[in-house]
Amino acid sequence: MPVVRVTQDSIHEAATLLKGGGVVAFPTETVYGLGCDTFNTQAIQQVYTMKGRPTNNPLIAHVADQVWAKKVSQGWDTHCDRLAEKFWPGPLTIVLPKNKIIPDEATGGHETIAVRCPRHVAAVSLLQDFGHPISAPSANKSGRTSPTSAQHVEDDFGRELFVLDGGSCDQGIESTVLSMVDEPTVLRLGSIGLDAISRVVGDVALSTSSTQTDSPGSTRKHYATNTTLILLSSEEIERGLPRNTVCLTIIANPPNAWRVIEMPSEAPLYAKRLYAAMREADTLGADTICLEQPPAGAEWEAVHDRIRRAASS
Ligand code: TXA
Ligand code: MG
């Protein structure tokens with residue numbers, strides 16, 4: 001099946017496929033998702049199989065509104081109200097105990113469920129047309145960088161998959177995952193940072209454990225390129241790079257890079273570009289991909305998180 005531009009007709013076609021137990025890829029403001037009906041256990045299993053994802057790694061349920069968020073979860077409180085008012089629709093995923101109506105398969109056997117109300121107009125329209133929550137991991141093969149364009153999805157899954165093409169994703173990195181099960185704890189950093197969240201809910205912790213039980217997708221081996229990827233400071237890059245290196249630079253002037261990909265110097269633009277640049281660098285046949293270490297600062301936190309994982313894979 002093809003990659004199709006987002007129109008009312010293609011949205012309806014995607015919703016019809018979901019209703020029939022199918023799997024479709026769709027754009028969100030963060031990255032593309034590989035969606036299926038949250039209540040259809042066979043479709044969920046198909047998503048796990050297609051991605052090659054460990055079955056204990058739970059999926060995010062995408063919802064059209066707070067009404068559905070409350071239906072799929074338990075313990076939605078005034079803090080959650082305020083988080084949703086402030087950040088939804090948008091790149092914040094809230095983890096709560098799951099409601100019994102949710103099949104265990106949809107949460108990788110966990111007692112909790114992650115919910116997010118996305119902002120991308122195509123995702124919103126699809127959720128409205130479909131009428132139910134859509135469970136969707138990022139639409140990449142497990143362990144690879146998330147897709148930020150329809151082409152990336154096709155690169156991973158081929159032409160069999162129905163992909164709604166909504167252009168390049170605005171944010172470029174995955175949503176912030178915030179557990180509200182006990183004390184507010186960020187399980188995965190995203191563009192909504194700790195400061196912004198603590199202004200709404202007070203103290204918020206950052207999960208340091210990267211165990212399989214907390215948030216399996218936060219384990220270190222993630223966001224990998226096939227080519228070895230290293231992180232170097234501007235000074236290190238200017239002292240010289242290994243042979244055959246493609247360098248993603250911000251301000252550094254590499255004296256001997258084999259290829260250079262220039263990256264934006266502002267955090268939101270860098271984040272938007274990052275995965276596409278990593279995928280591009282991976283196709284060039286280099287021996288090494290070098291990322292120039294971005295500056296410190298709260299607005300770069302999520303980028304640092306992702307590139308550290310990419311370099312440790
Ligand atoms: O921006 C995003 O979040 C994208 C778009 C498509 O919405 N989705 C995404 O899904 O990145 P995925 O599956 O690639 O990453 C979801 C992360 C994983 O680290 C997963 O372990 C964690 O959220 N997660 C999901 N449900 C959870 C739960 N019940 N408890 C703890 N962590 C959970
Ligand atoms: Mg993912």
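The values are calculated or read from the model by the stated rules, or taken from the named source; none is laboratory data. Every value quoted in this text rests on a predicted model; they were computed, and no experiment measured them. Heads up, the Cβs are rebuilt from the backbone with ideal geometry, glycines too, and the neighbour counts pull from every protein chain shown. We work out accessible area using only protein heavy atoms, side chains counted, and drop any ligands, DNA or RNA first. Shrake-Rupley method; radii C 1.70, N 1.55, O 1.52, S 1.80 Å.
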Odd one out for Gln74, checked against (1) in contact with a helix residue (DSSP H, G or I) (Cβ under 9 Å, 6 or more places away or on another chain); (2) under 24 Å from Arg188 (Cα atoms): (1)
Step by step: first the residues of the range 283-313, then only those that are acidic (Asp, Glu) and open to solvent by 30 Å² or more (accessible area, probe 1.4 Å), then the one that is farthest from Leu206 (Cα to Cα). Which residue is that? Asp287
The listed residue being part of a loop (DSSP other than H, G, I, E, B) and open to solvent by less than 10 Å² (accessible area, probe 1.4 Å), out of Gly35, Gly21, Gly90, Gly75: Gly90
Of the residues in the range 1-24, those that are of a type in the set (A, V, I, L, M, F, W, C) and modelled with pLDDT of 95 or more come to Val4, Val6, Ile11, Ala14, Ala15, Leu17, Leu18, Val23, Val24
Meets criteria (in contact (Cβ under 8 Å) with a residue 60 or more places away in the chain, buried (at least 17 other Cβ atoms within 10 Å of the Cβ) and in a loop (DSSP other than H, G, I, E, B)) for Val47: no
Anything in the range 119-146 that is more than 9 Å from ligand 2 (Cβ to nearest atom) and among the hydrophobic types (A, V, I, L, M, F, W, C)? List them, or say none. Val121, Ala122, Ala123, Val124, Leu126, Leu127, Phe130, Ile134, Ala136
Restricting to the range 95-116, name every residue that is under 16 Å from the mean Cα position of the chain (by Cα) and open to solvent by 10 Å² or more (accessible area, probe 1.4 Å). Val95, Ala114
Filter result for the condition that a residue is modelled with pLDDT of 95 or more and crowded, with 18+ Cβ neighbours inside 10 Å, over Ser218, Ser233, Ser179, Ser168: Ser179
